[in-house]
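Here the structure comes first, spelled out in structure tokens, and everything after it is commentary.
The values are calculated or read from the model by the stated rules, or taken from the named source; none is laboratory data. Small disclaimer: the values here were computed from a predicted structure and weren't measured. We place every Cβ from the backbone using ideal geometry, glycine too, and count neighbours over all the protein chains shown. Ligands, DNA and RNA are excluded from the accessible area calculation, which covers all protein heavy atoms including side chains. Shrake-Rupley method; radii C 1.70, N 1.55, O 1.52, S 1.80 Å.
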Amino acid sequence: MTASAARRARLREALEGAGLDALVVSHLPNVRYLTGYVGSNAVAVIGRAVDRVVTDARYTVSAREQVDDEVAVTIGPGDLTGDLAAAVAAIAPSGRVGLEAAHLSMARGAQITARIAELDPGVTVTSAVGLVEGLRLIKDDQEIAAIARAADMVDTALAAVLEAGIVGRSERAVAFALQTRLFEIGAEGPSFEIIVAGGPNGAKPHAVPGPRVIGEGELVVIDLGAIADGYCSDMTRTIPTGPLPARLARAYEVCAQAQAAALAAVRPGIGCAALDGVARELITAAGLGKAFGHGLGHGVGLEIHEAPRVAREGTDTLRPGMVVTIEPGIYLEGLGGVRIEDLVVVTDDGGRVLSHSPKASISSATV
């Protein structure tokens, strides 16, 4: 049984539990997860016994190469709605069918529902949220291996660019060099827009690399990820370019301590909110709580941001096979910022860190 087939079997159990005869899967990462399809336009209909992918003529060859043999493929016009409705009527006649409500606009959902009703008025269409995402929370060995390869690519790219030096180069040039190196070592691409933020720009958690030239005696936040076999990685390192102002040096040391404590706390059974609290309490005790405005981390897989959410508002509990980031940050407006991020697989007795790039060791000696 292929990995995709095993995932569809698990989804059938979820469909039964939800009282559904089929699920219309419109979110492309979910389509890929369940069928193997890689492309920009497709919908899958997963039923109790029969499955079908609907796509358009641009993917005639690639869809038939990618999709599991057990899954039928329909090639039709780019809108997909008519063929989708026909697939639903055939797979779940007069049944109860779920739409991925979190990934459809109201207009698109209404359009699909109306077209299904034209072909089979007996079908009941309802909202279904999180059925596939619930399966994707726990990564199998194949997924973890792909994420680990993507993490290794990031380590390699960052090492090469840092060895060449970043002082005197613009943020944009460093970001371009990182992206180029990722492609050179075989990445499918960056998993998000690379962040390179030096000096005061480091106080912007999602800064966009610009023309600012990186100077001596500042912190440079570098956040990057790669894609390997469709799976993402995510890592941040904050690089000192020389002796730092005392406030920046202290912020780095506090962030590093908080990150180390949170990494040590990763284990099955800990709540995501409690894990966030491990780092947040240390940063708050140092008087820098207001400078840590985002959550501690997030899940990573086929998407760079997916469940679970490791934050004060997080409701999940860590389980073996989850892959999460641990990334506290401290941002001092007008001065700079620091974020340290590792990618971690939750194991049976703790966590295995996939990010191996060195972390700076900053002496308390400052300018």
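Between the helical axis of 106-119 and the longest alpha-carbon principal axis of the chain there is an angle of about 20 degrees. Counting only DSSP beta bridges whose two residues both lie in the chain, roughly 75 percent are antiparallel. Percent of accessible area on the chain owned by carbon and sulfur, 1.4 Å probe? Looking at the chain in its full context, I get 54 percent from C and S. Per-residue ellipticity at 222 nm, computed for the chain from helices alone with -39500 (n - 2.57) per DSSP H run of at least four residues, works out to -11500 deg cm²/dmol. Taking a straight Cα-Cα cut-off under 16 Å and skipping sequence neighbours fewer than 8 places away in the same chain, the lysines within cross-link reach of K290 are K204.
Checking the a/c ratio against 1.5 first, then a/b against b/c, what shape does the Cα gyration tensor give for segment 1-51? Cα axes put segment 1-51 in the oblate bin. Between the alpha-carbon centres of segment 214-261 and segment 18-56 there is a gap of 39 Å. I need the shape label for segment 145-275. Rule: rounded when a/c is under 1.5, else prolate if a/b > b/c, else oblate, with a, b, c from the alpha carbon gyration tensor. Cα axes put segment 145-275 in the oblate bin. In the context of the full set of protein chains, the chain has a per residue accessible area of 41 Å² (1.4 Å probe). A cut-off of 5 Å between modelled amide H atoms, ignoring neighbours fewer than 5 places along the same chain, links G76 with T55, D56, A57.
Couplings for segment 233-250, taken from phi via the Karplus curve 6.51 cos²θ - 1.76 cosθ + 1.60 with θ = phi - 60°, read 10, 7, 8, 10, 10, 10, 9, x, 9, x, x, 10, x, 4, 5, 5, 4, 5 Hz in order; Gly and Pro are left as x. The mean sequence separation of alpha-carbon pairs under 8 Å and at least six residues apart, normalised by the residue count of the chain, gives a relative contact order of 14 percent. When only the Cβ of Lys, Arg, Asp and Glu is charged (+1, +1, -1, -1), the dipole of the chain relative to its Cα centre reaches about 680 debye.
Computed from Cα positions, the angle between helix 3-18 and the longest principal axis of the chain comes to roughly 70 degrees. Between 0 and 90 degrees, the angle of helix 81-91 with respect to the longest Cα principal axis of the chain falls at about 70 degrees. Does the chain come out rounded, prolate or oblate, given a ≥ b ≥ c as the square roots of the eigenvalues of its C-alpha gyration tensor, rounded meaning a/c under 1.5 and, failing that, prolate meaning a/b above b/c? Verdict is prolate for the chain.
Scalar couplings 3J(HN,Hα) for segment 154-164, obtained by applying the Karplus form with A = 6.51, B = -1.76, C = 1.60 to θ = phi - 60°, are 5, 4, 5, 5, 5, 4, 5, 6, 5, 4, 6 Hz; x denotes Gly and Pro.
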